[in-house]
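Structure, as structure tokens:
The values are calculated or read from the model by the stated rules, or taken from the named source; none is laboratory data. The shown structure was predicted, so the numbers you read here are calculated from the model rather than taken from an experiment. Here the Cβ is made from the backbone with ideal geometry for all residues, glycine too, and neighbour counts use every protein chain on show. Heavy atoms of the whole protein, side chains included, go into the accessibility calculation; ligands, DNA and RNA do not. Shrake-Rupley method; radii C 1.70, N 1.55, O 1.52, S 1.80 Å.
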Amino acid sequence: MFQTLPGFREFYPEDCAIRNYLFATWRASAQSFAFQEFDGPLLEPLELITAKSGDEIVGQLFNFEDKGGRGVTLRPELTPTLARLVGAKAGSIKRPVKWFGIAENFRYEKPQKGRLRSHYQFNADLLGETSPAADAEIIGLLIGTLCAFGLTREQFVLRLSDRDLWLLLLEQQGLTGDTALTALNIIDKMERETPEAMLKAFSERGVPGGETVLEQATALVACDSLEAVEAFFAGKGESAVAERVTARLAQWRELLGHLDAMGLADFIRVDLSIVRGLAYYTGFVFEAFQTVGKGRALAGGGRYDHLVEKLGYQSMPAVGFGMGDVTLRDLLEDCKLLPDPKPELDAYVVIGGEAERVVALRDVARFRAQGIKVDYGLKQQGFGKQFKTAGASGARFALIYGQEEVAAGKLKLRDMSSGEEELVDAEGALARLSA
Ligand code: HAM
């Protein structure tokens, strides 16, 4: 007997129905924001991912050598693929680029509730625009999508942060370049680590002044509003980076202003503890967390203004997010927000005998060609049994091909909810079924 690999899922029809619902809602939501769908290969050159995604994801790759000796990997995320697709057309593409994709991603993580080795991710990205209006559009789509599932601000929150402000703070401590990025990686783990472990990590990984960095980081993380962030930086007095901090805070006000105008202020929590693990992020970063149950991440994203350029194309600023299907499905289930499975069938055909079957099959083929969902018993059975199956099938109508009806060139159409019956020809049945 064979088992599914750890962290992989099988989708029985009822699971597929839920997956289809998630995908349909994602698509409708993205399209309502005028995003266009794209896709890319499941298998990518290893270097596309190792180049820019960062150590965390590179450590989780499903990679191997193909028969041509190429280093390849199943995609762990869609963003590098998107950057390549847009980069290749950067000279001619109409900006802003607003694209979305639904991708199966593979990460060799320790399987646990909410985190698997294969998951589907809804990605939406906006490229070619640096202004906070683009960040607002992306965050608006993220929140709008969760609301389209019936979720409310009682059930999730968007935690908004900014790698630019972090880098400015680190620069004030004299940390720049790779040292600053190393410090940021350590700060990313702050929520889960003890201060002692943080200090040890700073010193082991060559970040000087660990104690002051930790003290400043703790104070910044404690700020829970823009006013608090402003006060935090104002309290630091004049410094070489003060002007850039002021300019950055103006962009914060612009972003929050747009989100407020969109009616989304209540969903936003300023929370500088979000740093994001992926290496390519540059400016505003954010994660949506459920606020009920286990508080897991539903989505994450941010600005990545240099990725396209770093892959060798012309410069193309970008912002986007990814939303996974695993935690989302769990949350919708817990909140009883998954819709009842709809009856899949329009009509179940009840057939009097082998002679009537010939006529019935001809009509069934005609109905199906019009997109009507029809089923019938493959073996000839008594009327009673067939009506029972028709009832259990959830079909809206039963189409009855008895000897008498067929002899008159007709069939009987029974409305399964009211029990009403009418004698119609195939044309009439088609009209009723299509209504
Ligand atoms: P990410 O934060 O790695 O971002 O993933 C986004 C979301 O995908 C997570 O919040 C979570 O819901 C889901 N997810 C990630 N890994 C797993 C897993 N192993 N099992 C189940 N769900 C998972 C990215 O991937 C970025 N590429 C998103 C992005 C797009 N940034 C800009 N554009």
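Numbers for the structure displayed
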| item | result |
| --- | --- |
| Eligible lysines near residue 373 by straight Cα distance, threshold 17 Å, same-chain separation 8 or greater | 342 |
| Rounded FRET efficiency, nearest 0.05, which uses the C-beta distance separating residue 243 from residue 11 and R0 of 56 Å | 0.55 |
| Additional length obtainable on full extension of the chain from residue 261 to residue 338, 0.36 nm per residue less Cα span | 24.7 nm |
| Förster radius 22 Å - calculated FRET efficiency between residue 358 and residue 425, Cβ distance, rounded to 0.05 | 0.85 |
| Positive-pole candidate from 359, 140, 318, dipole of the chain, charges at beta carbon | 359 |
| Solvent-accessible heavy-atom area per residue, rounded to whole Å², over the range 89-242 at 1.4 Å | 44 |
| Across 89/189; 379/410; 89/113; 94/310; 385/410; 110/294, pairs whose alpha-carbon gap is larger than 29 Å | 89/189; 89/113 |
| Calculated [θ] (222 nm, deg cm²/dmol) that DSSP helices of n ≥ 4 give over the chain, each run adding -39,500 (n - 2.57) | -13000 deg cm²/dmol |
| Rh (Kirkwood; distinct C-alpha pairs) - the range 52-205, Å | 19.0 |
| Between 0 and 90°, nearest 10: helix 210-221 axis offset from the chain longest Cα axis | 50 |
| Cα shape, the range 347-431, gyration tensor, a/c 1.5 rule | rounded |
| Share of carbon and sulfur in the accessible heavy-atom surface of the range 248-387 [1.4 Å probe, %] | 52 |
| Between 0 and 90°, nearest 10: helix 383-393 axis offset from the chain longest Cα axis | 10 |
| Added length on full extension, which subtracts the Cα-Cα distance from 0.36 nm per residue, residue 297 to residue 60 | 83.5 nm |
| Whole-number D in µm²/s for the chain (Stokes-Einstein; Kirkwood sum over Cα pairs; 25 °C, 0.890 mPa s) | 97 |
| Degrees, to the nearest 10: 325-334 long Cα axis against longest axis of the chain | 70 |
| Approximate spin-label separation residue 225-residue 130, in nm, with each point projected 7 Å along Cα-to-Cβ | 3.1 |
| Extension gain, residue 109 back to residue 366 (0.36 nm per residue minus Cα-Cα distance, nm) | 87.5 nm |
| The range 81-217 - percent of accessible surface contributed by carbon and sulfur, probe 1.4 Å | 48 |
| Alpha-carbon centroid distance for the pair the range 246-281 / the range 170-234, whole angstrom | 19 |
